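Notes for the one structure printed next.
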Amino acid sequence: MKELSNSSGEAIADLRRILDMNRNFDILEKHLLIAGRSASLFFIDGLVKDDILEKILEYFYSLKPEDLTDSLEQFQMQHLPYIETEVLTEMDAVIKNLLSGVPCLFLHGVPDCLAIDCRTYPARSVEEPFKDRTLRGSRDGFVETVVFNTALIRRRIRSPKLCMEMKTLGKSTRTDVVLCYMEDRVDQRCLDALKKQLDTISTDALVMNQESLAELLLPGHWFNPFPKYHLTERPDTASASILEGNIILLVDNSPSAIILPTTLFAIMEEANDYYFPPITGTYLRLSRSLIMLISLILTPLFLLLMNHPQWIPESLQFIQVQDTIHIPLIWQFLLLELAIDGLRLAAIHTPDMLSTPLSVIAGLVIGEFAVNSGWFNAEVMLYMAFVTIANYSQSNAELNYAIKFMRILLLLLTCWFGFGGFLAGLIFTLISVLNCHTFCGRGYLYPLIPFHWKILKRQMFRTKL
């Protein structure tokens, strides 16, 4: 760490040179006269609370020469009526604070720097997240400002055992990352391993915020699509995870929290399970798991039965395709998988005022024309419509895409190798799940593998809180 120069003038000159203030218009320096002594205040335009800084400057202008000392520690204790202040003695700390929006004051004749944390960040209001909506419960969600997010958790857990440690990652971005955990409930071995890994991460920038951090913490096989971590935008979900002994990672500029360690059962949970009575929550949880399983095997199983109609029981003969098949079923399924993703991407980028009429056009006009023209059969459209809707029963987007990739693989293997390919695809999916390890090496199917009935019962059935 480079210490500040012995002279405040040299430190100010070094800071001007490092920040290239002649080129950067938004980094400002205000020359002050405090009790007859010259001073320089550095700050970033747009990241300062103007009204608070104005009151602080008014107080500075009222000071007399006898009020000043050569110790900034004594000066801030006696003559700075603001709470969030800190004396900085190193240039790296000054640059980090200043570029984070903290105004830094240099007083002539004093080598140290006084950081006055009256910054503010452009932020949207706290509102319910679009992805993790609930029928009951709180309507607040995380935002892009990490301090607001920690406050939402502190509001729910009023315990001195709740710890929030901040670390900085990225040589260029200097992104703030906060670890949230309960001191008396967290797995200390896992916590120590996480801290050690964060300290050893060497990266220039967390370009994609929590996704970049997760990929650095949990490197793995790129061909395994199952999520290795759990993301949530709900403070109540994050708080509940902390109380269960998990660790929450909050990344500045990201409205999501990373829950570590996690399992497949935890990823599939939703807040709705806990905002309803136990029997309703159990039904929601089991039905969501069953729908996810059906969405994985429905279309490959239908393709297998259509290729081997002699296997269809007499009572299920109606499921056979009635119309003429102009395009092989496998190509119909693959084209619809691609078309549905295209419609989904189009819906994301469609203005809100046009989303409803365009959805009607896509659902009625295109769907009806696709069947009548002979491109697709009605049965194929029906099963793909169910699969598409079933994807929205699970809020975790990464898990939805993992199921989609496994389903496409099942379709291809079933088309090429029949029943053997269908069975091999199921085995490969199971191996992919078993081979997916989360942080600290916890099994992805825990508490099923390794088996722990007490915890498994709580994961599968909604019990009393």
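The values are calculated or read from the model by the stated rules, or taken from the named source; none is laboratory data. Every value quoted in this text rests on a predicted model; they were computed, and no experiment measured them. Using ideal geometry, Cβ is built from the backbone for each residue, glycine included, and neighbour counts are taken over all protein chains shown. We work out accessible area using only protein heavy atoms, side chains counted, and drop any ligands, DNA or RNA first. Shrake-Rupley method; radii C 1.70, N 1.55, O 1.52, S 1.80 Å.
Has segment 336-354 got any residue that is outside any helix (DSSP H, G or I) and modelled with pLDDT under 85?
yes
Considering only segment 424-438, state which residues are more than 26 Å from the chain's Cα centre (by Cα) and in contact (Cβ under 8 Å) with a residue 24 or more places away in the chain.
Gly425, Leu426
For segment 306-341, what are the residues that are open to solvent by 70 Å² or more (accessible area, probe 1.4 Å) and acidic (Asp, Glu)?
Matches in segment 306-341: Glu314, Asp323.
Of all residues in segment 33-87, how many are part of a strand (DSSP E or B) and under 25 Å from Val147 (Cβ atoms)?
So the count comes out to 8.
In the list Pro111, Pro122, Pro103, which residue meets the criterion of being of a type outside the set (A, V, I, L, M), more than 20 Å from the chain's Cα centre (by Cα) and surrounded by fewer than 21 Cβ atoms within 10 Å (Cβ to Cβ)?
Every option except Pro111 fails the conditions.
Would you check if Arg139 is charged (D, E, K, R), open to solvent by 60 Å² or more (accessible area, probe 1.4 Å) and within 20 Å of Thr262 (Cβ to Cβ)?
no
Given the conditions (1) open to solvent by 20 Å² or more (accessible area, probe 1.4 Å); (2) in a helix (DSSP H, G or I); (3) of a type outside the set (Gly, Ala, Ser), report the number of the one that Val387 does not fulfil.
(1)
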